[in-house]
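Rule-based calculations on the coordinates, nothing more; no lab input. Just so it is clear, the structure is predicted and the values come from calculations on it, not from any experiment. Positions of Cβ are generated from backbone atoms using ideal geometry, with glycine treated the same way; all protein chains shown enter the neighbour counts.
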Amino acid sequence: MMTNTSLLDQFPLLKEKVRGHRLAYLDNAATTQKPLPVLEEMDRIYRTLNANVHRGVHTLSQQATDAFEEARAKVARFIKASEPAEVIFTKGCTESINLVAQSWGLANLKPGDEILLSHGEHHANIVPWQLAAERCGAVVRPIPIFESGELDLKALSEMVSSKTKVVGIKHVCNALGTINPIAEVVRLAHSVGAICIVDGAQGLAHEPVDVQAWGVDFYAMSAHKTYGPMGVGALYGKRSLLESMPPFMGGGDMIRTVSFDGTTFNEIPNKFEPGTPNVPGVVGFGAALDWLAAFGLPQATAIENDLADRAAAELSSLPGVVLRGTASQKVGIVSFTLDSVHPHDIGTILDSEGVAVRTGHHCCMPLMRRLNVPATVRASFALYNQPEDVEALIKGVQKVQKIFA
Amino acid sequence: MMTNTSLLDQFPLLKEKVRGHRLAYLDNAATTQKPLPVLEEMDRIYRTLNANVHRGVHTLSQQATDAFEEARAKVARFIKASEPAEVIFTKGCTESINLVAQSWGLANLKPGDEILLSHGEHHANIVPWQLAAERCGAVVRPIPIFESGELDLKALSEMVSSKTKVVGIKHVCNALGTINPIAEVVRLAHSVGAICIVDGAQGLAHEPVDVQAWGVDFYAMSAHKTYGPMGVGALYGKRSLLESMPPFMGGGDMIRTVSFDGTTFNEIPNKFEPGTPNVPGVVGFGAALDWLAAFGLPQATAIENDLADRAAAELSSLPGVVLRGTASQKVGIVSFTLDSVHPHDIGTILDSEGVAVRTGHHCCMPLMRRLNVPATVRASFALYNQPEDVEALIKGVQKVQKIFA
Amino acid sequence: MLNELYQETILDHGRKPRNFGLLPMVTHCAEGHNPLCGDQIRVHLLIEDDTIQDISFEGCGCAISLASASLMSSAIKGKKVGEALGLFERFHATVTNASDEELGIGDLDCLIGVRDHANRIKCATLAWHALKVAVQSPVTQSQELP
Amino acid sequence: MLNELYQETILDHGRKPRNFGLLPMVTHCAEGHNPLCGDQIRVHLLIEDDTIQDISFEGCGCAISLASASLMSSAIKGKKVGEALGLFERFHATVTNASDEELGIGDLDCLIGVRDHANRIKCATLAWHALKVAVQSPVTQSQELP
Ligand SMILES: Cc1ncc(COP(=O)(O)O)c(C=O)c1O
Ligand SMILES: Cc1ncc(COP(=O)(O)O)c(C=O)c1O
């Protein structure tokens, strides 16, 4: 296995103690820690060129605008979009998906239209569509998944029809780690003229993204799950779609002219970015992608998968542990339950040992119901995790077993 | 005049040189600089308790949640809301207003209903209402203002009727500095059963806010105009209204239960805060309000008004200068035009002297048309500005006059 | 710290909750729900003469919420409604650190350890919240047999 | 730096723009708009034999955009359409720093100073953008007399 110990200097929090123990931060799917270069870049923006963008004639404003637009180009390159204007900055993946559901959705959905979402979707890719469907008389239907967490592609191929208008799928499952076959899903969606929206919240930091090769129509992202700051996300959309869509929110910068008799809108991406954007956050997002690319996505994945594999192997040898999500294509996420001990109790006991995991439904209630569990314990790995983190996790679970013996 | 020179140590950017000159930052209405205590507080969050909120069973997540909710309480106290749950965090004032227009608006507006907005509103408090009105068949009508920038209260009292559903007004005008008579506007709105939404973007940092005393229904804010970070804002709403409103965006945390058969929503404020929030940003917002309160709002206003008064007096003694916005109640904003020189050219020449001002329509195109100017030059003051900034402004305008003589 | 939370009493009540199941006769009932961990607790009451003559609960949840429901049911059976609600107030104050008072009622004190786990306070109070709603929610005949 | 931008030639063209107003005969026309400063420039063309026989512009704007429109109109009057568009490409490359070439055409070079003011490049190219749209926008009789 490759070593990444020297990295820890870039993550001050990972050296802190929690409840008297070395912190084993295994809640990376909730949010990753941010490396110092990203924090320092944001601080630099605030300290040396803090200004509003686009609207200013003065030097600071121009510098801020340049930094902001450079970050847009970085995101576009990272996901292989054909041009920066196809990247809209938002406050997070959730807003990105809501933008599509409300702007594209309300303009295009008609009574009887179908929105197909995988049964495993995060609430962020279910609820916005339910809200839009309710307004338009469209219907939301789940695409079946297997117990392993894998999508039932055959079922999807039988579900798609001329009624299908949207197919929604997450790139990577936050609860189980499954990597979904995006290219195939896009192909099936397009075969009936539907759009395909991919929830990339868990994909960006762990899997290569190529929106053009896949032909995906929308790809939604969060910076904070990709070593970047909180409060920033992005939406990739194909130019032709974005251009055809009405604005989502109204305000400054998204307009060309405003009068009480009528208003005309700006071009993309500005049409979808009203108001003062989060300049340091967006620049921090760009810095995080640079940092990740410099580390190397394949290296990161190798580290994460290795640790997750070890954890899975050791956990499954413990009595009563059931691993949840056993797809063949997975990122470094290990979800499990323990016979007769509620995940929440496991979480508290692990916390008391310095092990930070997530327990609960992971914002995937329909998936939990599909798996017939109220909740799971999830350990999710990032490129800075260490073998000691796995050891602490295993020791913690053994302690749970002792307490509840 | 009180002195505030020692403050400058807290604002590193104000000591930088721009185009070889000392920076005179007079674009504070666009965004203020952020004091070091605010930057350091955000950095502290990232370095010591970076975690997702609300959903975590582990210690870091709990600490992050506590810090986040404490900031909510700070905002509530600052604007004198009756409880923290009436404060919804958004990405900025623009999103806050869109939330109201789309959630309250689409649920309550009917064909023929009237939305009355002051002729001076920022696009952020016009366009969202136009978008909502178009969907609902409602009508947006401008409330006349005087050449001075003051609202024509008499006209408003004659316009309100049983058709009026919304009255929108900015607390303080970003283009001219006018302080609007909020209590009176609320009274007129309520007299016909309409709600009153106040755009507080320019109010929060300069004028005392008392949402309960005014009885205002919604008050929208941006942190970045109040010495806080970019990418964060808030919406105050009365509990009864917020509770009656459908969600704006869907996703994690805003739900109680999700299934493909139907979804139930969480209580306020969570109902309106789907997805991972900007924890460090929100905490930074709270820190900025603490910092401002410690400095003292009356002290801040005294400094700003004194500088603005000097600037206005000196400018108006220059040939060809016309001051725009001459209301009796004003914050420290000076807007002006110069006979036969376009504001954009003035801005470029001032920039070359290190003076950062805003030139343009200030996202108030209807107001510009009302004043019959294409644009103005705006110098907006903050509590850290110095007499030298006024001197640089005046010298710069004199230089413009020499070049264009 | 942790040992204080997962004590034998709690583990025991969590494993073998008292008063679990349905009641032959119910006058009041309500459900509490904690979306964070998916806990769901339904409290059934038989209130006569302003007194909780009988109580039971159903549901699923973590050890803390089940133990708390079990401990609550044992503590308030036979008490006046007002007394039971007063006890909730004291219990709430204690687990949220608002009060230092020991409760001295049944085994309720063994839940005090939840203080150090702010994110578990909802678990420890879920059944109590359901109780509070239940005493104001008389059931009609049709609701009794759903 | 600044002196390079606000030179006498620019100030002169800004104050007294050449070819300002309407034309007796127009074959093509289009409008450019810069929302940042509210500049609005309408370019009128008389194109015959693929040649810009006559040109005028109207509008309001800052000194840079007016001077640029005026300088453009002087530079391209009498030129082939293709030549004029080629000139725009070279002009654009020069003011955006993509090229170091001097243009050597009329007084166009005096706008080079805009390089150091990235936020003014739109002003300096507004009329040119309108020109580019105009050559593809033939006017009908009814459009001629609005
Ligand atoms: C009066 C007014 N309203 C609304 C806004 C929009 O605020 P933001 O851009 O922070 O969303 C601004 C700032 O540009 C403003 O000055
Ligand atoms: C798969 C998935 N989709 C969407 C989201 C929502 O992202 P955010 O909370 O950053 O908006 C998350 C994160 O919780 C996620 O894991």
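Pop out the ³J(HN,Hα) list for segment B:83-94 in order, Karplus 6.51 cos²θ - 1.76 cosθ + 1.60 with θ = phi - 60°, rounded to Hz; leave Gly and Pro as x.
Each residue of segment B:83-94 in turn: 7, x, 5, 7, 10, 9, 8, 10, 8, x, 4, 4 Hz.
Taking Cα centroids, how far is segment B:205-223 from segment D:4-25 in Å?
49
At 7 angstrom along the Cα-to-beta-carbon line, where would the label on B:Ala313 sit relative to the other copies? Give the distances in nm, shortest first.
8.1
For label points placed 7 Å from Cα toward Cβ, what is the shortest-first list of nm distances from B:Arg256 to its copies?
4.7
Indicate the helices, whole DSSP H runs only, in chain D that combine a mean Kyte-Doolittle hydropathy of 0.0 or more with a Cα extent along their long axis of 18 angstrom or more.
Correct list, ordered by number: D:63-76, D:81-95, D:121-134.
Taking the Cα-to-Cβ direction at A:Ala313 and at D:Gln53 and moving 7 Å from each Cα, how far apart do the two end points lie in nm?
Going from the A:Ala313 label point to the D:Gln53 one covers 8.6 nm.
Quick one: work out the % antiparallel among DSSP beta bridges in segment B:39-293, nearest 5.
Of all bridge pairs located within segment B:39-293, approximately 45 percent are antiparallel.
For B:Asp261, A:Asp339, A:Asp43, what's the fewest-to-most ordering of other Cβ within 10 Å of each Cβ?
Least crowded to most crowded, the residues run B:Asp261, A:Asp339, A:Asp43.
In whole angstrom, how long is each semi-axis of the equivalent ellipsoid of chain A, when you take the square root of 5 times every eigenvalue of its Cα gyration tensor and sort them from largest down?
36, 28, 17
How many Cβ atoms of partner chains, on average, are near each residue of D:126-132 if near means within 10 Å of its Cβ?
0
Please report the antiparallel percentage of the DSSP beta bridges confined to the protein assembly as shown, to the nearest 5.
In the protein assembly as shown, DSSP labels about 70 percent of beta bridges as antiparallel.
In what order do D:Asp100, D:Asp12 fall by count of nearby beta-carbon atoms within 10 Å, going from fewest to most?
In increasing order of surrounding Cβ atoms, one gets D:Asp100, D:Asp12.
Tell me the net charge near A:Asp389. Cut-off is 15 Å between Cβ atoms, A:Asp389 excluded, with +1 for each Lys or Arg and -1 for each Asp or Glu.
Its environment carries a net charge of -3.
Pull up all non-local amide H partners of A:Leu117: gap of 5 or more, or a different chain, and H-to-H distance under 5 Å with H placed in the peptide plane.
Amide H neighbours of A:Leu117, under 5 Å, 5+ apart: A:Arg141, A:Ile143, A:Gly168.
Mind jotting down the distance between the C-alpha centroids of segment A:19-55 and segment A:255-278, whole Å?
A separation of 30 Å, based on Cα centres.
What is the spin-label model distance, in nm, from C:Glu102 to B:Lys110 if the labels are put 7 Å beyond Cα along the C-beta direction?
Output for this residue pair reads 6.4 nm.
Mind telling me which of A:Tyr236, A:Tyr46, A:Tyr25 comes out most flexible in a GNM of chain A, alpha-carbon contacts under 10 Å?
Top of the fluctuation ranking is A:Tyr46.
In chain C, what residue has the beta-carbon at the shortest distance from the axis of the rotation relating C to D, and what is that distance in angstrom, rounded to the whole number?
Per the C/D rotation axis, the closest residue of C reads C:Pro35, 23.
Using Cα springs under 10 Å in a Gaussian network model of chain A, which residue among A:Ser191, A:Ser240, A:Ser118 shows the largest mean-square fluctuation?
A:Ser240
Which percent, nearest 5, of DSSP beta bridges in segment A:142-230 are antiparallel?
Beta bridges within segment A:142-230, antiparallel portion: roughly 20 percent.
Treating the point 7 Å from Cα along Cα-beta-carbon as the label, what are the nm separations from B:Ala73 to the other copies, to one decimal?
4.7
Over all directions, how big on average is the projection of the convex hull of the alpha-carbon atoms in the protein assembly as shown, in square nanometres?
Result: a mean projected hull area of 46.1 nm².
Among the listed pairs A:Lys91/B:Lys74; B:Lys91/D:Lys132; B:Lys330/D:Lys16; A:Lys91/B:Lys17; A:Lys271/B:Lys91; A:Lys271/B:Lys238, which are separated by more than 28 Å between their Cα atoms?
The pairs that break the limit, which is 28 Å between Cα atoms, are B:Lys91/D:Lys132; B:Lys330/D:Lys16; A:Lys91/B:Lys17; A:Lys271/B:Lys238.
Taking chain A as a Gaussian network, Cα atoms linked when under 10 Å apart, which of A:Ala101, A:Ala294, A:Ala308 shows the biggest mean-square fluctuation?
Top of the fluctuation ranking is A:Ala294.
Between the alpha-carbon centers of segment A:323-339 and segment B:95-119, tell me the distance in whole angstrom.
Cα centroid to Cα centroid, the span is 46 Å.
Extending each Cα 7 Å along its Cβ direction at A:Asp152 and A:Lys17, get the distance between those two points in nm, one decimal.
That separation, rounded to one decimal, is 5.2 nm.
Rounded to the nearest 500 deg cm²/dmol, what is the calculated helix-only ellipticity per residue at 222 nm for chain A, with -39500 (n - 2.57) per DSSP H run of length n ≥ 4?
-11000 deg cm²/dmol
I want to verify the translational diffusion coefficient of segment C:1-116 in µm²/s; compute it with Stokes-Einstein, Rh as the Kirkwood radius over Cα pairs, at 37 °C and 0.692 mPa s.
Approximately 225 µm²/s, per Stokes-Einstein.
Among D:Cys29, C:Cys60, what is the fewest-to-most ranking by other Cβ atoms within 10 Å?
Taking fewest neighbouring Cβ atoms as first place, the list is C:Cys60, D:Cys29.
Answer with one residue from A:Ala300, B:Ala71, A:Thr48: the one whose Cα lies farthest towards the positive end of the charge dipole of the protein assembly as shown, charges on Cβ with Lys, Arg +1 and Asp, Glu -1.
B:Ala71
Residue by residue through segment A:371-381, what is 3J(HN,Hα) from phi via Karplus (6.51 cos²θ - 1.76 cosθ + 1.60, θ = phi - 60°)? Round to whole Hz and write x for glycine and proline.
7, 6, 10, x, 5, 9, 9, 10, 9, 10, 9
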